[in-house]
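In what follows, a structure is listed as structure tokens, so that the remarks can point back to it.
The values are calculated or read from the model by the stated rules, or taken from the named source; none is laboratory data. As the structure is a prediction and not an experimental result, all values here were calculated from the model. Cβ: placed from backbone, ideal geometry, glycine included. Neighbour counts: every protein chain shown. Note: areas computed on protein heavy atoms with side chains; ligands, DNA, RNA excluded. Shrake-Rupley method; radii C 1.70, N 1.55, O 1.52, S 1.80 Å.
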Amino acid sequence: MCGNNMSLPLLAEAVTVSGTEKETAAVIFLHGLGDSGHGWADAMTAIQLPHVKYICPHAPRIPVTLNMKMTMPSWFDLMGLSPDSPEDEAGIKRAAENIKAIIDHEAKNGIPANRVLLGGFSQGGALSLYTALTCQQQLAGVVALSCWLPLHKSFPQAASASGNRDMPILQCHGEMDPMIPVQFGAMTAEKLKVIVNPQKIIFRTYPGLMHSSCPQEMAAVKEFIEKQLPRI
């Protein structure tokens with residue numbers, strides 16, 4: 001099994017959007033720096049499928065180097081937002097284990113890992129990619145919005161034991177993103193092609209979109225979730 005149960009406070013405090021019929025699948029969606037699970041729970045409710053449970057955890061509050069060590073919700077510390085910035089390797093790995101523990105918990109409660117889709121925005125999208133690519137269990141897919149692959153230099157080796165080398169990935173990015181430039185997203189998509197089956201990667205960009213989401217993007221997310229998590 002990947003992960004341990006030390007982190008289940010994450011699950012206890014998460015915002016959960018329940019299915020309207022028997023839940024046979026789950027989406028775990030991770031928010032960005034300084035945010036909470038509430039906004040994305042609302043976004044998931046707007047594209048909800050009746051057989052899917054949506055879990056939107058809140059990141060722990062930690063001091064963030066990038067923001068003058070101010071304490072805020074953050075999945076791991078951030079030192080910079082460029083491809084060659086130093087990274088919080090221990091924090092990233094610890095955060096991934098915490099998300100894997102949620103996947104394990106869902107499996108114990110009747111939703112197997114291959115019916116779990118990970119997703120996230122910005123730092124949350126980064127963590128969802130890293131978690132899936134280092135998870136031994138096969139997942140349904142990843143939705144990675146306006147983000148990057150953490151510890152990118154450790155791949156493809158870091159994914160050698162992963163059950164997700166053939167996993168579908170929907171990566172979306174705003175073309176006017178001032179925080180995580182779209183070029184960084186494109187570099188991430190190219191890197192992903194040497195880690196997983198390149199035919200399973202969809203990379204979409206949205207003209208005029210900044211570091212946020214838009215209705216067209218959310219429609220693409222809904223379509224991807226419907227395809228990867230069909231009713232059974």
I want to verify a result. In a Gaussian network model of the chain, Cα cutoff 10 Å, which of these has the top mean-square fluctuation: CYS147, CYS56, CYS214? CYS214
Can you tally the net charge around ILE201? Count Lys and Arg as +1, Asp and Glu as -1, for every other residue whose Cβ sits under 15 Å from the Cβ of ILE201. +4
Gap in Å between the Cα centre of segment 54-103 and the Cα centre of segment 107-182? 15
Rounded, prolate or oblate: which one fits segment 119-232, using the alpha carbon gyration tensor with axes a ≥ b ≥ c (rounded when a/c is under 1.5, else prolate when a/b beats b/c, else oblate)? oblate
Contour minus end-to-end for ASN109 and ILE202, with contour as 0.36 nm per residue of separation and end-to-end as the Cα-Cα distance? 30.4 nm
Express as a percent, rounded to the nearest 5, the fraction of DSSP beta bridges in the chain (both residues included) that run antiparallel. 25
Taking the Cα-to-Cβ direction at HIS38 and at MET176 and moving 7 Å from each Cα, how far apart do the two end points lie in nm? 2.8
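Below 8 Å between Cα atoms, with a sequence gap of 6+, how large is the relative contact order for the chain in percent?
Normalised by residue count, the contact order of the chain is 18 percent.
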ALA25 long-range amide H proximity, modeled H, under 5 Å: LYS53
Under 5 Å between amide H atoms, partner at least 5 residues away or on a different chain: which partners does LEU30 have, H built in plane at 1.01 Å? GLY119, GLY120, PHE121
Set of aspartates and glutamates with alpha-carbon distance to LYS69 below 19 Å, sequence-local pairs under 8 removed: ASP35, ASP77, GLU87, ASP88, GLU89
Solvent-accessible area per residue for segment 11-228 at a 1.4 Å probe radius, Å²? 41
Carbon and sulfur atoms: what percent of the 1.4 Å accessible area of segment 9-102 do they account for? 56
Ellipticity estimate at 222 nm from DSSP helix runs (n ≥ 4, -39,500 (n - 2.57)) divided over the chain, nearest 500: -9500 deg cm²/dmol
Running a GNM on the chain with Cα contacts under 10 Å, which residue among ALA113, ALA220, ALA26 ends up with the highest mean-square fluctuation? ALA220
For LEU81 and LYS153, what is the calculated FRET efficiency with R₀ set at 22 Å and r taken between the beta-carbons, to the nearest 0.05? 0.85
Rounded, prolate or oblate: which fits segment 180-223 when a ≥ b ≥ c are the square roots of the eigenvalues of the alpha-carbon gyration tensor, with rounded for a/c under 1.5 and prolate only if a/b beats b/c? oblate
Name the most mobile residue of GLN48, GLN138, GLN199, meaning the one with the largest mean-square fluctuation, in a Gaussian network model of the chain with Cα contacts below 10 Å. GLN199
Can you bin the chain into rounded, prolate or oblate? Criterion: square roots of the alpha carbon gyration tensor eigenvalues sorted a ≥ b ≥ c, rounded for a/c under 1.5, prolate for a/b above b/c, oblate for the rest. rounded
With every protein chain present, what accessible area does LEU11 have (1.4 Å probe, heavy atoms only), rounded to the nearest 10 Å²? 30
